[in-house]
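Below: one structure, written as structure tokens.
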Amino acid sequence: MTSDEVTRLLKVAYGDEIETVMNYLTNSIVLDGVRAEEIKESLEADIDEELNHARMLGQRLKQLDERPPASADFEMHQESLQPPEDSTDVPAVIDGVLEAEEDAIETYRSLIHAARDADDPVTEDYAVTILTDEEAHRTEFRGFRKEYA
């Protein structure tokens, strides 16, 4: 049906999306200050989109007779997206988002190539769709970063 590499990458991407939801939610709650409001609003809006990505990936895994990872299967690794000690350190959150988006973009590009090699156009299409969203998030947060430079 598809390759082991495709299902491995689908599971990695699924886990990354779930971890991103958790970190975006936490950062949208804990950030303080007038300057943080726009970032908090953007994170809150992105939570639904990232959760939808996870749903898409989970459904694709199910279609491929695989099980999406559950909490015991997760390895968390978004160190830079952890809430900062100083709740007004908005640039730290922006940098964490940018790093998470770069990682996601890399994962989806790898998934696109693996799906293409496995002749799995459905997974390739999913990955292209999600990649488009991740690149848009990166662009938005690059703009925020310029404001804090």
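The values are calculated or read from the model by the stated rules, or taken from the named source; none is laboratory data. These figures come from a predicted structure and were not determined experimentally. Backbone-built Cβ (ideal geometry, glycine too); neighbour counts: all protein chains shown.
Observations on the model:
- Of all the listed residues (Ser110, Ser87, Ser28), the sole one being closer than 23 Å to Lys146 by Cβ and part of a helix (DSSP H, G or I) is Ser28.
- Close pairs from the range 1-22: first farther than 13 Å from His53 by Cβ, partner among the aromatic types (Phe, Trp, Tyr) and in a helix (DSSP H, G or I), Cβ under 9 Å, at least 6 apart: Leu9/Tyr108
- The residues of the range 100-134 that are surrounded by fewer than 16 Cβ atoms within 10 Å (Cβ to Cβ) and either farther than 19 Å from Tyr14 by Cβ or of a type in the set (A, V, I, L, M, F, W, C) (or both), listed by number, are Arg116, Asp117, Asp119, Pro121, Val122, Val128.
- In the range 135-146, the residue that is nearest to Val93 (Cα to Cα) out of those that are without any contact (Cβ under 8 Å) to a residue 60 or more places away in the chain and under 13 Å from the mean Cα position of the chain (by Cα) is Arg138.
- Extreme residue, modelled with the lowest pLDDT, among residues of the range 54-84 that are acidic (Asp, Glu), under 12 Å from Lys11 (Cβ atoms) and part of a loop (DSSP other than H, G, I, E, B): Glu75
- From Thr2, Thr20, residue being of a type outside the set (Gly, Ala, Ser) and assigned to a helix (DSSP H, G or I): Thr20
- Members of the range 113-126 that are of a type outside the set (D, E, K, R), in contact (Cβ under 8 Å) with a residue 24 or more places away in the chain and part of a helix (DSSP H, G or I): Ala114, Ala115, Val122, Thr123, Tyr126
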